[in-house]
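Have a look at the structure below before the remarks.
The values are calculated or read from the model by the stated rules, or taken from the named source; none is laboratory data. Given the structure is predicted, the values throughout are model-derived calculations rather than measurements. Counting neighbours? That spans all protein chains shown, and the Cβs are built from the backbone with ideal geometry, glycine included. The protein model used for the area step is the full one, side chains on, heavy atoms only, and it has no ligands, DNA or RNA in it. Shrake-Rupley method; radii C 1.70, N 1.55, O 1.52, S 1.80 Å.
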Amino acid sequence: MQQLGVWQAIMIVLAIESSCDETSAAVIQDAENPRQRIVSNVINSQIETHKRYGGVIPEYAARRHMDYIDVVINEALRSANNLTIDDVDVIAATAGPGLIGGLLVGTVTAKTIALMKSKPFMAINHLEGHLLTVRLCCEVEFPYLVLLASGGHFVFAEALGVGDYRVLGETLDDAAGEAFDKVAKMLGLEYPGGPSIEKYAKKGDKNRFKYTMPMQRRDGCDASFSGIKTATKLHIEYISDINEQDRYDIAASFQNAVVNFIAKQTERAYAMTKTSPKNIVLSGGVAANLALREVLAIFATKIGANLFVPPVSLCSDNAAMIGWCAIERIRAGHGFSGLDFKTKPKWGLDEL
Ligand code: KG4
Ligand code: ZN
């Protein structure tokens, strides 16, 4: 490790992310200045592979990870001023939750490098990576309320410290992004569905189709998107000869229903926090949605809190957040992982 000024010893982490459909490697350093932390962050997206199926096919994803894992690692080192593995202090990889094939590719690669080069290995929880991303790019102190909304996850948590998260609620069925993807497929729009729906929604009438807000007779802030999805399917079936304007209106009405529902559950999640945090964080791929940001910003202002949304490139899956999570854990005194650490396709935040 190099000594840099008054800040502690600079630690360099090589991180790998391969839990879903992005093969990513990053070099992250423990710099005081957030702008100097990401040395490189290389992402090979599999969107083109999965597009024709309207969703991620796990077997194809695993094969693509195998084909590209060494490519992204080499590129991450090369674009980090031609570093070599010898310059790296820690090897980190996402070990769960996620698709088992990809997780195995990432963790076996990381463990092999760690073993051959006698470096410590760190198994990282993908959800914790998303939860801490905001601290990689902004000066956000604990505690904060965080909503992770992606294609695979929908979780409200109160982040009290590194490794200390109170899960307040989660989806009982689909993740929010998954609902966007499925509705886009129903409308014949391109995968991933979120950006397609958002684009269509801009030209549509959000009040044309009515929805009942789910989960309102039930306490807590858990979510369910299957009712909104089914209602959308019925709206589509009801129109005999669907035209482009119908699609715009359905996209707008669906997005409006989802966004209002998430806003409502965020309010409930906030009421469930123990610390009434001054910061609210939105993370995951769905954070790209401007309508969602808008309603959450209004809520944050209403309660005198700040809304933080990391840059979209860091909200969706990437290895930089995994490397940063490793640094946060090391700083907070959590130990390294053994090379016998088993990948966990299911790995909740409350198990950390
Ligand atoms: O975090 P992410 O890149 O990958 C994981 O699922 O982990 O999230 C991808 C999800 C997809 O379901 C995609 O449709 C959704 O995020 N998404 C959006 C938007 N952009 C991406 N959902 C709504 N509005 C968007 N603008
Ligand atoms: Zn993710």
Return the residues of segment 298-308 that are on the phi < 0 side of the Ramachandran plot and open to solvent by 40 Å² or more (accessible area, probe 1.4 Å); say none if nothing qualifies. ILE298, THR301, LYS302, ILE303, ASN306, LEU307, PHE308
Of all residues in segment 153-188, which are within 16 Å of ligand 2 (Cβ to nearest atom) and part of a helix (DSSP H, G or I)? ALA176, GLY177, GLU178, ALA179, PHE180, ASP181
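Residues checked against (1) of a type in the set (Asp, Glu); (2) assigned by TED's automatic domain parsing to the domain that holds LYS206; (3) away from ligand 1 (no atom under 11 Å from the Cβ); (4) over 22 Å from the mean Cα position of the chain (by Cα):
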site: ASP246; (1), (2), (3), (4): yes, yes, yes, yes
site: ILE250; (1), (2), (3), (4): no, yes, yes, yes
site: VAL258; (1), (2), (3), (4): no, yes, no, no
site: TYR270; (1), (2), (3), (4): no, yes, yes, no
site: ALA291; (1), (2), (3), (4): no, yes, no, no
site: ALA300; (1), (2), (3), (4): no, yes, yes, no
site: ILE322; (1), (2), (3), (4): no, no, yes, no
site: ARG329; (1), (2), (3), (4): no, no, yes, no
So which of VAL72, VAL56, VAL88, VAL108 is touching a Lys or Arg at 6+ places or on another chain (Cβ under 9 Å) and either within 13 Å of GLU17 (Cα to Cα) or not assigned by TED's automatic domain parsing to the domain that holds GLY151 (or both)? VAL88
Where ALA61 falls short, out of the listed (1) open to solvent by less than 40 Å² (accessible area, probe 1.4 Å); (2) outside the structural domain of PHE225 (by TED's automatic domain parsing); (3) away from ligand 2 (no atom under 15 Å from the Cβ): (3)
Taking segment 113-135 and keeping residues more than 21 Å from GLN29 (Cβ to Cβ) and within 13 Å of ligand 2 (Cβ to nearest atom) leaves ASN125, HIS126, LEU127
Is it fair to say LEU148 is within 14 Å of ligand 1 (Cβ to nearest atom), at pLDDT 95 or above, under 15 Å from ILE322 (Cβ atoms) and not in a helix (DSSP H, G or I)? yes
Among the numbered criteria (1) more than 29 Å from VAL155 (Cβ to Cβ); (2) open to solvent by 30 Å² or more (accessible area, probe 1.4 Å), which single criterion is violated by LEU99? (1)
Given the conditions (1) touching an Asp or Glu at 6+ places or on another chain (Cβ under 9 Å); (2) loosely packed, with under 15 Cβ neighbours inside 10 Å; (3) at pLDDT 95 or above, every one holds for ILE239 apart from (3)
Scanning segment 249-289 for residues that are of a type in the set (S, T, N, Q) and in a loop (DSSP other than H, G, I, E, B), the one farthest from THR232 (Cα to Cα) turns out to be THR275
Any residue in segment 174-202 that is under 20 Å from LEU282 (Cα atoms) and open to solvent by 10 Å² or more (accessible area, probe 1.4 Å) sitting within a Cβ distance under 7 Å of a residue that is in a helix (DSSP H, G or I) and more than 10 Å from ligand 1 (Cβ to nearest atom)? List the pairs, counting only those 6 or more apart or interchain. ASP174/SER226; ASP174/LYS229
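Filter segment 136-152 down to the residues that are away from ligand 2 (no atom under 11 Å from the Cβ), surrounded by fewer than 24 Cβ atoms within 10 Å (Cβ to Cβ) and of a type outside the set (Asp, Glu) and list them by number.
Those that are away from ligand 2 (no atom under 11 Å from the Cβ), surrounded by fewer than 24 Cβ atoms within 10 Å (Cβ to Cβ) and of a type outside the set (Asp, Glu): LEU136, CYS137, CYS138, VAL140, PHE142, PRO143, TYR144.
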Segment 305-346, residues that are in a loop (DSSP other than H, G, I, E, B), among the hydrophobic types (A, V, I, L, M, F, W, C) and within 21 Å of VAL134 (Cα to Cα): ALA305, VAL309, ALA332
